[in-house]
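Beneath this line is the structure, given in structure tokens, with notes to follow.
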Amino acid sequence: MLKGLYTAYTGMIQEQQRMDTLTNNLANSDTAGFKKEGLTSQSFDAVLVDKIKDDSDPYYYRRIGKANPGVKNGESYIDWSEGSFQVTDVPVDMAIGGKGFFTVEFKNKAGETSTMYTRDGNFQLTRDGYLITTDGDYVLGRGSNGQSQRIKLDPNAEFKVDQMGNIYQNDKAVMKIQVTDFEDYDYLEHYGENYYTPVEGAKMKDASDARIFQGYLETSNVGIVSEMVEMISVSRQYEANQKVIQTIDSGLQVAANQLGRLNG
């Protein structure tokens, strides 16, 4: 009976984690370039159960068999499917068609800089002409020398971006947007809501099939209806585990308060 309590408890923990993931997806359903997350589950390793110190059994020690103590969180995953494109006609808005990420110079609160990657092309242009993200991080490109550097444009002149990522001002190519791709996306993890950072083992590769679309934004790939249906399913499973605990608790109360009572 106590084993049933633990099994139901682990089930509630699993459903709570799934609900947290679903609510985070829904909260970012309007975030450009956001990729929804999911959570897998797996059972605990089965253990051998032994029956010991039972005087009613002629065998003082008996091996009952294997038992599974419940469920635990498995690996989380990211759905990398491409979101639909939204037309904005804003020159600093850009979307990547195909695989690849915009490359960003990220600065944390301690002032340390690192390179992050994002699918969110909702950019801005500063007064000095630097192309930045909505969080104020610099978008990186490649100059004529091929080196990675911040994208700096003339803020008073119009600019065009072709599908290869080349930026033109005054009919002259001035910079190319740096698009980075990876061989295996399993080596990328979320940093914040819309940045990704590579972990050990990540290998970069050329984003050969990536195309840049100026005046568009890639929307989130979160399906609001499907996420809401999944939330209802999670809520019902959580309630079912809760009822199991309440039923076992009632049984334990009867065992302790009635079956264990001695007749005077």
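With Cβ to Cβ distances under 12 Å as the rule, what net charge do the other residues near SER233 carry (K, R +1; D, E -1)?
Working: positive: ARG18, ARG236; negative: GLU15, GLU227, GLU230, GLU239.
Net charge in that neighbourhood comes out at -2.
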Is there a quick way to get the dipole size of the chain? I mean about its Cα centre, with the Cβ of Lys and Arg at +1 and of Asp and Glu at -1; what is the value in debye to the nearest 20?
720
Roughly what angle does helix 2-27 make with the longest principal axis of the chain, taking Cα atoms, 0 to 90 degrees, to the nearest 10?
20
Taking the alpha-carbon distance from LYS3 and a cut-off under 30 Å, which lysines remain once sequence neighbours fewer than 8 residues away in the same chain are dropped?
LYS51, LYS53, LYS66, LYS72, LYS243
If you only keep lysine pairs separated by 8 or more in sequence, or across chains, how many in the stretch 85-218 come under 23 Å at the Cα atoms?
14
At what distance in nm do the modelled label points of GLN42 and ARG236 sit from each other, each positioned 7 Å from its Cα along Cα→Cβ?
2.8
Residue span ASP184 to ASN108: 0.36 nm per residue of separation minus Cα-Cα distance leaves a gain in nm of 24.8 nm
Roughly how many nanometres apart are two label points built 7 Å out from the Cα toward the Cβ at MET164 and GLU227?
3.8
Sort out the exposed loop GluC sites (Glu not before Pro) in the chain (DSSP loop, at most 14 other Cβ within 10 Å) and tell me the longest stretch that has none.
1-111
Cβ-based net charge around GLY143, under 11 Å, with every Lys or Arg adding one and every Asp or Glu removing one
+4
Cα atoms only: what Rg and Dmax, in Å, come out for the stretch 85-218?
14.3, 43
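Calculate, for GLU200 and ASN156, the FRET efficiency according to 1/(1 + (r/R0)^6) with r their C-beta to C-beta distance and R0 45 Å; round to the nearest 0.05.
On the way: r = 44 Å, r/R0 = 0.99.
With R0 = 45 Å, the Cβ-Cβ based efficiency is 0.50.
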If I build a Gaussian network model for the chain, linking alpha-carbon pairs within less than 10 angstrom, which residue out of GLN237, GLN253, GLN149 has the largest mean-square fluctuation?
GLN253
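Given only helices, namely DSSP H runs of n ≥ 4 each adding -39500 (n - 2.57), what is the per-residue ellipticity at 222 nm of the chain, to the nearest 500 deg cm²/dmol? Could you put the intermediate results ahead of the total?
Values: 2 runs with 57 residues, N = 264.
Value at 222 nm, helices only: -8000 deg cm²/dmol.
Could you work out the relative contact order of the chain, using alpha carbon pairs under 8 angstrom and six or more residues apart, expressed as a whole percent?
Details: 519 pairs, mean separation 67.1, N = 264.
Reported relative contact order: 25 percent.
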Rounded, prolate or oblate (a/c below 1.5 giving rounded, otherwise prolate when a/b exceeds b/c) for the chain by Cα gyration tensor
prolate
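Do any trypsin sites (Lys or Arg not before Pro) in the stretch 170-258 lie in a loop, going by DSSP, with at most 12 other beta-carbon atoms within 10 Å of their beta carbon, and if so which? Each step should come with its number before you reach the end.
Values: sites: LYS172, LYS176, LYS203, LYS205, ARG211, ARG236, LYS243; in loops: LYS203.
Counting only loop positions with at most 12 other Cβ atoms within 10 Å, the trypsin sites (Lys or Arg not before Pro) in the stretch 170-258 are LYS203.
Values in this text are rule-based calculations from the coordinates and carry no lab data. Since this is a predicted model, take the numbers as computed values, not measurements. All Cβ positions, glycine included, derive from the backbone under ideal geometry; neighbour counts span all protein chains shown.
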